[in-house]
Protein chains: 2
Amino acid sequence: MPKEGITPRSQDYSQWYLDIVEKAVLADYSAVRGCMVIRPHGYAIWELIERELDNRIKATGHVNAYFPLFIPMSFLQKEAEHVEGFAPEVAVVTHGGGEQLAEPLVVRPTSEAIIGHSFAKWIKSWRDLPLLINQWANVVRWEMRTRPFLRTLEFLWQEGHTAHATEAEAEEETLRILHEVYADFAENVMAIPVLRGRKTDKEKFAGALRTYAIEAMMQDGRALQAGTSHNLGQNFARAFEIMYQTPDNRQEYVWTTSWGVSTRLIGALIMAHSDDEGLVLPPKLAPVQVVIVPIYKSDAERSAVLECCHRLKAELGGTFRTKLDDRDEVTPGFKFNEWEVRGVPVRVEVGPRDVQQATVALARRDVPGREGKRFVPQDGLVDEVRQLLDSIQQSLFERALRFREEHTVQVSSFEELKQAVETGFASAYWAGSTEDEDMVQAETRATIRVIPFEQPEKAGKCVLTGKETTQQVIFARAY
Amino acid sequence: MPKEGITPRSQDYSQWYLDIVEKAVLADYSAVRGCMVIRPHGYAIWELIERELDNRIKATGHVNAYFPLFIPMSFLQKEAEHVEGFAPEVAVVTHGGGEQLAEPLVVRPTSEAIIGHSFAKWIKSWRDLPLLINQWANVVRWEMRTRPFLRTLEFLWQEGHTAHATEAEAEEETLRILHEVYADFAENVMAIPVLRGRKTDKEKFAGALRTYAIEAMMQDGRALQAGTSHNLGQNFARAFEIMYQTPDNRQEYVWTTSWGVSTRLIGALIMAHSDDEGLVLPPKLAPVQVVIVPIYKSDAERSAVLECCHRLKAELGGTFRTKLDDRDEVTPGFKFNEWEVRGVPVRVEVGPRDVQQATVALARRDVPGREGKRFVPQDGLVDEVRQLLDSIQQSLFERALRFREEHTVQVSSFEELKQAVETGFASAYWAGSTEDEDMVQAETRATIRVIPFEQPEKAGKCVLTGKETTQQVIFARAY
């Protein structure tokens, strides 16, 4: 049953998204165009994302550091492609302490330039390599069309920056991050299946040699880039003079990488799993995993039910992020609704009969209504809830995977491509140029999201040019 | 024995501080004036500070959120004292996306203004109160004279912002944060004793009704403000129209508070505990608590010693942040030196004789040289190290407390005050005006750091005016 204030997806997907953001109290508009306020419920999701990613980033040998928010304009200009890509969308500080600055400062849109400057100071010898740094920070890109989480002027992210002695090591790092950190996190924590592969030159990071990405499908069939990992080659090493002495005393440029994911992952979470009743969260990223709602009429019932609820809260709270909603001023129905909209994966209902029979009603958010509800004994509830949370986590992933498979079409003509990207991904043989890509985008609003690592064994004909090729790509409209 | 590259404190305290920051690899200068790079070792300390504070902030009922970096200039101007205090030191964004902005944006120096705007939207009724929010963020203040951690253009901090129905609740919140969060953290985690009290009008936050603070003494006798908590009265509620409906349907302004601590705490840590050999860290904030250093000559010794070290690393690593320094290319002496400079509280040395006798040498960083080193059995090492870390934590606190007591003088004349603030704190009866405070500062470079909560029972004569008063204050030169 659709919720008050939530536009059904089928009616207006874009408005549905905004309604979820508002009704699940995830974010709010601010007084500054394009900048959002991340409200506590949204920020709690970000804290869980941060913790999970930070663990993975550290487990792969990286350490955190912090670099300045401001970048001298001249630094941005040192790498030619980089400045071309970012200069049009920077915010510029021209005054500080009441005076005009001699050199304007750019609010970081990404930190390759400012970090490159430090790397050049820190790296002297092959012994200093690899240098594996990560930063959690805010960045600013002056976007014209913004949407909460998906595209905002300011956003929060992590950005990894590493330097290596050889091209092979830099490439290995770039791919390790994509697979072991980003894809693993997306699939096993966010419950979102992702396609892994390389970006075309048209879509790669400004200043990179190669950009790799993970791409996810949203429920409207559009793609969302959920993480990118860049092999920067020696481009930034040359621009910032980052050199090291080899064991045989030569001076060489290092090879660098950078990689990042941002608060737009919260947008991906919302759009991958939620429904017309509100937010749906994978249990691993739910700030509240279990909510206990007491049901009673009389005062006598109230005290017996609440006593039972407090006991269950103590039991479940030791293992899961658990909330007991013991508000007196609102009805159980109101509470069910509120926690459904906010995406709590499991609801435990306790009424007078449950107290007598030592049972509870267990409702799963991902299967709304009666179908997702059953009565279970209080005895063994922790195990029961654990299995249920695991099952929800798994089921969300499988549902998203099935959806992607059902909305991915192998196309063999441009007409088929055009049609396929109306509702999902088009997998196509491709031998076109960057100009051809531009043309396809102009005609279909779809771009090549990724050249998947998994490629077919046999050749086929390019969907546009008809040329024989073994390369398949994924076309889609993207967020 | 003083370390190479570290100026002794007695010779030049200020240079000693900068040497520690550099040699312990805590921070580095950046290409932007007054902005530092927090290097991984420094950032790891900040992560521990964050975790400890975040736990305390959440345990007292607050939730985290995130508000925009940019504040419209007009917002800052809504509270008269606030703009007067902060306008001279803001960084201003005048251009975005290649165009001049219609209204300049200020990079937040603090977030009362932008958060006040959201509070006005979110708070409707007494049911929405109290609203207890915290934010972890970067802020920018255009300081002219900067020093790593202590005073930088950009710094990292947490800022709490709360709204309450009554003045009494706001006051209670302001004091709870000071005592339960800040003072508890400073004393029990940072091992730094603090004086708690109120600021004079001259020193209070721009826009506050009352500012409370904790003040610590550094090893040169100067004061460092380690945390402030402000009762903002209804000043910001009036400026931003933050109103609520009372249970009896009246519209009232809320009462707000704000409070913060920043990366300057790392400066406090350094200056409170470190010595001429390098950084000294309280175990609770040491990124590496125990370092294991193998000592061997022959290959046979090497393999026996390393085997033992790996076993001890596995044992100790389950309980403490433990590092095994198994580098081959540097000597044990080099390693001892490096970890001493970086402030690792406990060093475990393992040589061939230790392997034979099932012992290790245990050295404590806070007692350098032979005095702090002894041999203990490998059996029971986890317990032994736990006790040693506890003892170091305790001992650092006691040493700092003793130092403060020895450098605090009860003064009864202006001459005595002048002399006392040369080397420490002057405790003095005070009945002067703000102009009198200005005069004292001009003459002595000391300010009233705090009016302690603990006040004497009997009256005395004001150190400047000679007027009878029961109020004692602490004068000191401050960072």
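A few comments on the model shown:
- Entries in B:LYS335/B:LYS373; A:LYS58/A:LYS323; B:LYS3/B:LYS373; B:LYS58/B:LYS121 that, when Cα-Cα distance is taken, lie over 21 Å: A:LYS58/A:LYS323; B:LYS58/B:LYS121
- Sequence-separation-based contact order of the range B:408-476, relative, with Cα cut under 8 Å and 6+ spacing, percent: 40
- Helical mean residue ellipticity (222 nm; -39500 (n - 2.57) per DSSP H run of 4+; nearest 500) of chain A: -10500 deg cm²/dmol
- Plainly put, the tip 7 Å out from Cα toward Cβ on A:THR319 is 2.9 nm from that tip on each other copy, the closest given first.
- Amide H contacts under 5 Å for B:VAL450, placed H, 5+ residues apart: B:ILE474
- Candidate lysines - alpha carbon under 22 Å from A:LYS204, same-chain residues fewer than 8 apart omitted: A:LYS78
- Number of partner chain Cβ atoms within 10 Å, mean per residue of B:66-78: 5
- Local net charge near A:ASP12, Cβ-Cβ under 11 Å (Lys/Arg +1, Asp/Glu -1): -1
- In percent, rounded to a whole number, the relative contact order of chain B is 14, using alpha-carbon pairs under 8 Å and six or more apart.
- Seen through its C-alpha gyration tensor, with square-root eigenvalues sorted a ≥ b ≥ c, the range A:331-479 comes out prolate because a/c lies at 1.5 or above while a/b is bigger than b/c.
- Placing unit charges on the Cβ atoms only, positive for Lys and Arg and negative for Asp and Glu, gives chain A a dipole magnitude near 400 debye about its Cα centre.
- The trypsin sites (Lys or Arg not before Pro) found in the range A:103-197 that occupy coil by DSSP, while having at most 15 further C-beta atoms within 10 Å, are A:LYS124, A:ARG145.
- Legend: mean number of C-beta atoms from other chains within 10 angstrom of residue C-beta atoms, peptide A:98-110, equals 3.
- Cα gyration tensor, the range B:13-273 - rounded (a/c under 1.5), prolate or oblate: oblate
- For residues of B:85-92, the mean tally of beta carbons on other chains within 10 Å: 4
- Signed unit charges on C-beta, dipole axis of chain A, positive-most listed residue A:TYR429, A:GLN419, A:LEU285: A:LEU285
- Gyration tensor verdict on the range B:290-388 (Cα atoms; rounded if a/c is under 1.5, prolate if a/b is larger than b/c, oblate otherwise): rounded
- Starting from the label point of A:LYS202 at 7 Å along Cα→Cβ, the same points in the other copies fall at 6.8 nm, in ascending order.
- For the range A:54-128: relative contact order, % (alpha-carbon pairs under 8 angstrom, 6 or more apart): 33
- Ratio Rg/Rh, restricted to chain B and using Cα atoms, in which Rh is the Kirkwood radius: 1.03
- Charge dipole (Cα centre; +1 on Lys/Arg Cβ, -1 on Asp/Glu Cβ; no other charges) of the range A:236-327 amounts to roughly 120 debye.
- When the convex hull of its Cα atoms is viewed from all sides, the protein assembly as shown shows a mean projected area of 45.2 nm².
- Other copies of B:GLY372: label-to-label distances in nm, shortest first, labels 7 Å along the beta-carbon direction: 5.8
- Mean Cβ neighbour count within 10 Å, used as a protection proxy, ranking B:63-75, B:357-369 highest first: B:63-75, B:357-369
- When +1 charges are put on Lys and Arg Cβ atoms and -1 charges on Asp and Glu Cβ atoms, the dipole computed for the protein assembly as shown relative to its Cα centre reaches about 420 debye.
Quick note: the coordinates plus some simple rules give every number you see, no bench work behind them. Everything numeric in this text was worked out from a predicted model, so none of it was measured. For neighbour counting, all protein chains shown are included, and Cβ atoms are generated from backbone atoms with ideal geometry for every residue, glycine included.
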